[in-house]
Structures are given as C-alpha cells and as structure tokens.
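None of the figures in this text is laboratory data; all of them are computed from the coordinates on show. This structure is a prediction, so every number in the text was calculated from the model and none was measured. Using ideal geometry, Cβ is built from the backbone for each residue, glycine included, and neighbour counts are taken over all protein chains shown.
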There are 2 protein chains.
Amino acid sequence: MTPVFAHGSLRLYLLKLLADRPRNGYEIIQALSERFGGTYSPSAGTVYPRLAKLADEGLVVKTSDGSKNVYEITDAGRAELERRADELDAIEDEVSDSVRRLADEVRTGVNDAMRSLRAELASAARDARTAPTEEPVTTPHETDSRTESRVALYEIETAVAQFRKDLRSDLRTAISAGKVVDRDLVTTARSELARVRELLRPS
Amino acid sequence: MTPVFAHGSLRLYLLKLLADRPRNGYEIIQALSERFGGTYSPSAGTVYPRLAKLADEGLVVKTSDGSKNVYEITDAGRAELERRADELDAIEDEVSDSVRRLADEVRTGVNDAMRSLRAELASAARDARTAPTEEPVTTPHETDSRTESRVALYEIETAVAQFRKDLRSDLRTAISAGKVVDRDLVTTARSELARVRELLRPS
DNA sequence: CTATCACTCGCGATATATCGCGTTATTCTT
DNA sequence: AAGAATAACGCGATATATCGCGAGTGATAG
C-alpha cells in the first residue's frame, strides 16, 4: 500500500500538531484521524518512533505524566516549523489526495468478499469435522452442491463488489467533470437494483 | 454489540488453548482469529485481563521471556478443564453461530457508506477553507450542485450497500433451504449489473 | 422467595513501544 | 556525474496493559 505521508512529511505534521498544544501519542493519532474524516488513522508504529526521534533531535520534550507521555514543542521545534512553513501547505494537499485514494481502495470492498469466503470455508470445514461423529445430516451429494452454491455466492458477491467500485468510479469522474448527479438517478438506481434482486431470486 | 463469548466461556477456551501448548497473549489472539476464519479477533483488552485472572487463580503460570510473557497451564488448570470438558463442546458451537451473525453485520457495509460520506464532507470542508485565499475556482452555484451531487452519490452508495445486504440474505436463505445457486445465476448477475452500470451513467 | 447489590465478565477504547519490510532520500565513491 | 552503499522513513505486525461501560451472575438481606 502506498504510504499516505511522503518522506519527512509526517515529521513536520507532528511538529505542527504539537505547536497547537502539547499532546500524548494517542491524542496525535486521534487528531490525525479526525483531520481526515476517520478515513486514515496512523498506526502506533508510525507515530511513536517519530515522536522519539523528534525528542532525540531536541525539537520536542517528552514529559512522563503517570501512564501518559506528553510531548511538548521546544523553541528549536518552533524554529524548524517556521523555517519550513511553505512545505506544510503542500503536505496538507498531498495528504488529502492520498486519503481520497485510500478511501476508494477500502470502499471497493474486495476485502469484505475475501473475509466472507474465509468465514464460509471455516464454517464448512467445521461442519465436515463435526458431522461424522453424529448422524450424517447431509448426504455427500448435498454437501457438494452446497459447497458449489457457496462458491457461486462468493462469485456473485465479488461481482457486486466490482459493480460497486465501477459505479462509484463512474459517478466520481462525472462529478469532477462538472456533470450533475441528480435525484432522478438515485430513484433509477433504487428501482433497478430492486429489479435485479427480484431477478436473482433462486427458483 | 452482542458478545461472542458468553459468561465464563472465554476463560475456559483460553485454558483449552494453553492445554495444547504454552502461548503468549498475542499468540492466543491469533489462534482465536484463525479458528474463526479471521472474522472474529478478540481484543487485547479481552485477553490480557483474563490471562492475569487465570494466573491469580493458579490455573496458569506466567513466565517472563524477554519482552514476551509466556503462559503455561498448571495441574490445577488441567483439572479444571477435565471437570468441565462437556461445557467446552457446547461453547464451540455457540461461538460458531455467534461469529456467523457477526460476519453478517460487518458485511452489510453500512459502515462503509458512512465512512465514505465523512470523507466526502471532510474533503468538501477543506475545499471551502482553502479556496477563499486564492482565485475562486468554482462559482457559488457550481459548489452547490457539486455538494448536491455528492449527496446523491452517497444515497446511491447506500442503496447499493442495501442491495448487497438483501441479495446476500436472499441467497443465503435459499442455500440453507436446499436450493442450488448455480453458475447461470452468476452469469445473470454479472450481465445485469453491467446493464445497470450503463443505465446509471450520467449524461 | 425475591429483590437488589456487589461482583464478574466480555470487550472496545485508551495508551505505549519495538521490529522488520519495502521504499525513498542522501551520501560516498569512483 | 553516475552509480552504489547507507541512512532515514512510513507503516503494518507484533506485543503488552489498564479503564470503564454494560450485561450477566450469585449471594444475601428482607
């Protein structure tokens, strides 16, 4: 996965957050998450090493306050921020773009389908393991066609996930090209999806 | 959210895992996650207090091994397991059901749409904040219709998410009723979704 | 016998820290 | 100046621990 923050960008951004007010590591993670609408949350493994490095360089000071470690910006840190104020604006734009791309990847829901299949298989494996000890509820053939159905279900789900992704991409492109996505289209979407649902009801 | 493990079930299950072999907290989380196809992962806040309690009761012993704390079952622990062996079988079934329910909730993807809207709004808010400092790229009216389009996009996405949920529910019901979901249906699904996508292309 | 009250339990949220992979930037060497 | 070695960086995975809410459970006082 492409990183959200480019080389050295996070460092500067953390410094900016600490210039606002002293914070602990967790608050910084939350601040970043909030700033990007909950779409991007930096991991602890991203934030803590960076804070430690900034402390090494003397741009912040770490104060242990009970179980929390509060980080405060120093004069040297503020100087660094002023020196590279122009970079900060650029970073904010880049990160916004990055986050939008990330949101697209997440929303496509390919992961969902994968997890779904894994759950199906785990469930099937359990059935197979449990069944032999008792009366066989399902004949061999029934088990086969059930597995077949599960795979078909998975493929349909994947198709829907792809559809979702494509549709979203279409509409986003249209919007940024200045075209208007209106209420009529919402209505059409709803009725068409209902129709397809009816059509796919197994007989 | 309904808990996956009922009262006292996790305690017993952890003991069972440690009867297999000594493990640290993280390995236990992984073992549980694997057991349920990656759908359910107990949080650290669930596992660690339980392990500490088991250690208090003398059913396991905690051995510090560098940065890892390995837990090993004691004779008292093994006795407890034997005493309640019958409960264990029931637990495994209950948890399987619980996880299947959980998977359904996650897969519906309502959360996704919400996150999507939040990302849109965060992005829109940023545009509004940034624009005034430079030449206004978009006229007020353009901004309005763009926001309208975004809301429409959100509603369509919600409709698709609902469709996905309904379809899945339909098919699952059909499968458990013994009906076969065959390849034809997969083909139909693919072509119909392509048709809807074409239909929803904004003019 | 039942109400209630303290206790237990599952679990998300809060909080911290390190390791190793892959990528990017920098510095050194030729 | 080009290319190679090195350092720095972002980040997921690994690892641990506590707190507080809400729901379940058991005991005991009335």
For this session: Express in whole angstrom the spacing between the alpha-carbon centres of segment A:24-78 and segment B:154-186.
Result: 45 Å
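With a Förster radius of 41 Å, plug the Cβ-Cβ distance of A:Ser191 and B:Ala177 into 1/(1 + (r/R0)^6) and report the FRET value to the nearest 0.05.
Working: r = 27 Å, r/R0 = 0.66.
Calculated transfer efficiency: 0.90.
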Problem set entry | 13 Å beta-carbon shell around A:Asp20, net charge (K/R +1, D/E -1) | +2
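I need to check one value: relative contact order of segment B:9-106, counting alpha carbon pairs closer than 8 Å and at least 6 residues apart, in percent. Could you put the intermediate results ahead of the total?
On the way: 93 pairs, mean separation 30.5, N = 98.
This gives 31 percent for segment B:9-106.
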For this session: Any lysines with Cα under 30 Å of the B:Lys68 Cα? List them, leaving off those in the same chain fewer than 8 positions away.
Result: A:Lys53, A:Lys62, A:Lys68, B:Lys16, B:Lys53
For this session: Give the long-range amide H neighbours of A:Asn69: residues separated by 5 or more places, or on another chain, with amide H under 5 Å away, using H modelled in the peptide plane at 1.01 Å from N.
Result: A:Gly25
Seminar exercise, completed: Length gained if B:Lys165 through B:Glu57 is fully extended, taking 0.36 nm per residue and subtracting the Cα-Cα distance, is 34.4 nm
